[in-house]
1. If I model a spin label as a point 7 Å beyond the Cα along the Cα-Cβ vector, how far apart are those points for Met126 and Glu145 in nm?
2. In degrees, nearest 10, range 0 to 90: what is the angle between the Cα axis of helix 56-65 and the longest Cα principal axis of the chain?
3. Nearest 5 is fine: what % of DSSP beta bridges in the chain come out antiparallel, could you say?
4. Net charge near Cys56: determine it from the other residues with C-beta under 13 Å of the C-beta of Cys56, scoring Lys and Arg +1 and Asp and Glu -1.
5. I need the GluC sites (Glu not before Pro) found in the range 114-186, filtered to DSSP loop residues with at most 12 other beta carbons within 10 Å of theirs.
6. Per residue of the range 153-158, in order, report the coupling 6.51 cos²θ - 1.76 cosθ + 1.60 (Karplus, θ = phi - 60°) as ³J(HN,Hα) in whole Hz, putting x for Gly and Pro.
7. Please report the net charge: other residues with Cβ closer than 12 Å to the Cβ of Val240, K and R +1, D and E -1.
8. Report the Cα centroid-to-centroid distance between the range 162-185 and the range 240-266 in angstrom, as an integer.
Amino acid sequence: MPARTRPPNILFVFSDQQRWCSLGCYGNADVISPHLDAFARDAVQFTHCISNSPVCVPARGTLLTGLFPLRHGAVANDLPIRHDVTSVAHVLQSRGYHTGYIGKWHLAGVPRDQSIAEGPARLGFMEWKVCNCNHHYLKSYYDDEANRRIEIPGYEPEAQTALAVEFIRRNEARGPWALTLSWGPPHDPYDELPDRYLERYRGRDFRLRPNVPETVRLTRTLQLAREHVLADLRGYYAHVTALDEQFGRLMTALEETGQVDNTLVVFTSDHGDMLGSQGLTNKQLPYDESIRVPLLARWPGHTRMGLCDELIGLVDLPTSVLGFTGLRFPGAVDGRDLHALFTTPGARGLEACYIFDLIPCHQAWARGDREWRGLRTPRFTLARSASDEGTLLFDNVADPFQMRNLIHDPARDADRRELLAQLDGFIQAHDALLPWEDLIRRYHLKESWNRSQAYFRLPLME
């Protein structure tokens, strides 16, 4: 690798609820994603990037801090992040980086449309064009540094990308900068986007994944038929194509300003989307469609090119991004510095990635789900709840669509016991295997939980 002359700029881009298999570069022939596919050809492309806690708020807090949710505070959707945690932006700002955040935040708790006060609540980001949480992509807004609310005409990601392009161009000469751009799609609603993107998918046949059954469970009592899943998939892919177009605009801005060779660009997502796989929707589940996300990274002359099959978790990304700059968090974090995976062929990733849903909120609660803890290894997925010693076990090499649950297979008892022992180590290190209601009480989350539940008119905890 060539010697470093100055720290790289950092452009960290992530979408919401985008599973790994929703791009052409990941083998999906149905989705139109030419810009990200072209980027992937010159980047390192991870095939096994795992969302440790596959739901928006916990995952977003982890992406910024390298901490698991019980340490950063945003333990379930709409529970706020602690303001005394150290974020990537704090570390970069202390070393001369100009930091900015554009897009969805979703770390302030409720109400969802609140502004984020200047100061500790912004976690070290200087430039600020943020909406806490909004999924009305054709009727959106953002709050600026002074918390002036600006309405967005048109499609939200296009306006957010325009702000990001302006940031890139304006900060060309000021030294290293670090921008986080957080898009809301392809998270549902799947049909809320300009018709020109939907038109590219009308009349086309789509291949559902083999693990999508005839009916799909939405809640305890509501089900969807396959045709509804196909309609959702068309909108989902249309959102992906729209975001791909926006990603192309970002790359053009870097090229036109001469910054492409000194900018580390990272693209990923906070978690995936079941979209009917296993007969389920949304996320908060241990299946690959929920936990596996795309991860592409490029810094010309520094990152390697090609596929990386090593295992990495979202909790490792903040530490690894800092590793490119020679920086680290000042205190202990839960993520590992795996930036060697981005640069060095043969570097080794994780042997096992901890996955979990501590509190089944919103859609998971509506499905009647329980808490779970699990492991994703290069070969196996294991999950259990507080009331059992295993609900699912998949051999992902022999069964990549996870259609044969081996949890009760006597021939896999040794694998199950070994994985459970590994899982116990993660649980003891990071949380406690408790029914989710008891976990809320143990970790003094009842007040913030009930505040969120009241906002959504859901049952309160006594």
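1. Inter-label distance under the simple model: 0.8 nm.
2. The angle comes out at about 50 degrees.
3. Percentage antiparallel, nearest 5: 50.
4. Numbers: positive: Arg60, Lys104, Arg112, Lys283; negative: Asp16, Asp78, Asp188, Asp270, Asp273, Asp357.
Around Cys56, the charge tally is -2.
5. Working: sites: Glu118, Glu127, Glu145, Glu151, Glu158, Glu166, Glu172; in loops: Glu118, Glu145, Glu172.
Those that pass, being in a loop and sparsely packed, are Glu118.
6. x, x, 7, 3, x, 5
7. Working: positive: Arg19, Arg200, Arg234; negative: Asp16, Asp30, Asp37, Asp244, Glu245, Asp273.
With Lys, Arg at +1 and Asp, Glu at -1, the neighbours total -3.
8. 10
Every number in this text was worked out from the coordinates using simple rules, so none of it is lab data. This is a predicted model, so every value here is computed, not measured. Quick reminder, even Gly has a Cβ in these numbers, built from the backbone with ideal geometry, and neighbours come from all protein chains shown.
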